[in-house]
1. Per 0.36 nm of contour for each residue apart, how much would the distance between Thr188 and Ile26 grow if the chain were fully extended, relative to their Cα-Cα spacing?
2. Within the range 101-135, which residues have the backbone N less than 18 Å from the label spot 7 Å out from Asn377 along Cα→beta-carbon, could you tell me?
3. Could you give the angle, 0 to 90 degrees to the nearest 10, between helix 147-159's Cα long axis and the longest principal axis of the Cα atoms of the chain?
4. For the residue pair Asp155 and Asp68, what label-to-label distance in nm results when each label sits 7 Å from Cα along the Cα-to-beta-carbon direction?
5. How far is helix 241-252 tilted off the main Cα axis of the chain, in degrees rounded to 10, range 0 to 90?
6. With a 4.7 Å Cβ cut-off, tell me which Cys residues in the chain come up empty for a partner.
7. Which of the GluC sites (Glu not before Pro) found in the range 107-201 are loop residues per DSSP with 15 or fewer other Cβ atoms within 10 Å of their Cβ?
8. Go through the range 1-96 and name the GluC sites (Glu not before Pro) that are in a DSSP coil and have 10 or fewer other Cβ atoms within 10 Å of their Cβ.
Amino acid sequence: MTKCSEPYKQIHFDSRGNLGPCCQYIGDRPNVDNFDDYLNSEWLANLKTKLDSGERVKGCDFCWKQEDAGAKSMRQKRNEYYENKPNNDIEHIMITYGNQCNTACRVCNASRSSLIEKQYKESKDTVTDPKLLKLITKEHNWDKTKTWYRNINNDIIERADNIRKLEISGGEPFINVHFDRLIDGLLTSGKTLPGLNITTNGSFTEDQIAKLEAFDHVHINFSIDGCGEKFYEYLRWPLKWDDVVEKIDILKKYPWITCEFAIVPHNLNVLNLADSIIWFKEYTDYDDRFKIGFSWLNGAPWYGLNNTPKWTRQKAIAEIESTIFVDYSEQEQEQIQELVNILSKDDATSHLDLLKSHVAMTDAYRSCDTWKIVGWNIDEL
């Protein structure tokens with residue numbers, strides 16, 4: 001069974017303005033720049049046919065790998081959500097607003113972070129690993145004029161009456177002027193949308209949050225990855241932990257907001273996962289509006305959980321299992337169990353050369369020592 005509702009119900013704009021079925025699709029996309037041309041493209045028709053006929057399309061590998069690992073994939077979640085809805089009406093739009101970002105998360109990449117792009121450019125002359133050099137010198141072919149931002153903003157405002165959910169990520173949306181222009185354009189037009197979902201690292205002002213009250217429902221996907229000054233500031237350089245706590249306090253003030261603290265489990269935060277689950281639940285007083293969620297690593301396989309000593313995974317499992325309380329929602333408990341299942345797998349290590357060289361390059365650029373922070377050492381692998 002490979003059928004997927006995403007090509008029928010959703011359009012995703014990646015950080016270069018290319019259209020596709022979802023944010024997890026990795027591969028070539030059609031050479032179009034607007035809604036109508038995409039929906040009528042031969043490319044999309046072929047994708048639907050392949051998935052409907054049972055083919056595991058290569059661009060959808062991330063979902064297949066999740067399902068093979070025992071986790072629930074985005075394909076499965078979306079199919080459940082759209083089970084009783086007609087399959088020919090686009091109602092979910094996702095936009096990745098370029099790579100403008102004020103943080104360089106450890107497991108992110110240049111297509112999502114301008115700060116990582118800057119780091120790569122400034123580090124390339126010091127890199128000797130040919131695989132790493134190829135990775136950090138990849139050309140992204142940005143639209144320097146940013147014309148697609150203006151085009152998509154206008155298209156969304158015009159089509160807003162038919163959009164059930166608008167999901168925005170980056171980069172960091174709240175520091176992107178085109179994001180502010182879209183929000184202002186929707187509000188000026190009286191288009192309050194049934195659902196607005198924004199993924200952020202917390203770089204919002206209280207004024208930006210307050211004006212979102214006009215929308216019917218607002219959900220903040222707070223990308224966080226860890227808790228506490230040591231781990232958070234290592235993982236989300238150069239952001240500060242105290243600032244994150246202040247931003248959580250802002251969200252707590254507005255009862256119409258729901259929020260998920262999104263954690264990407266990987267080999268650098270594996271020993272901070274249980275602490276993070278507990279901290280975020282306790283700090284928000286187990287309020288139903290605030291939940292824990294996991295986003296599975298898509299790319300950078302050298303940071304996969306398989307690339308950890310077995311004892312770290314066993315320790316993480318024991319700590320995580322002790323955090324599951326009745327106060328957690330069914331969805332949270334299900335995701336935590338998925339995480340435990342993945343940690344329980346004893347998959348072979350891979351890409352260790354890139355793990356070593358990528359960590360060394362990033363440590364040199366940021367003047368830190370990963371192996372004194374994360375709680376284990378690469379020599380143990």
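1. Stretched out fully, the Thr188 to Ile26 stretch lengthens by 54.8 nm.
2. Correct set: none at all.
3. 60
4. A separation of 3.3 nm, rounded to one decimal place.
5. That helix lies at roughly 40 degrees to the long axis.
6. Singleton cysteines: Cys4, Cys22, Cys23, Cys60, Cys63, Cys101, Cys227, Cys259, Cys368.
7. Passing sites in the range 107-201 are Glu139.
8. Passing sites in the range 1-96 are Glu83.
Taken together, the values in this text are just the output of simple stated rules run on the coordinates, not laboratory data. Quantities reported herein were computed from a predicted structural model and do not represent experimental measurements. Neighbour counts are summed over all protein chains in view; Cβ atoms, including those assigned to glycine, are modelled from backbone coordinates with ideal geometry.
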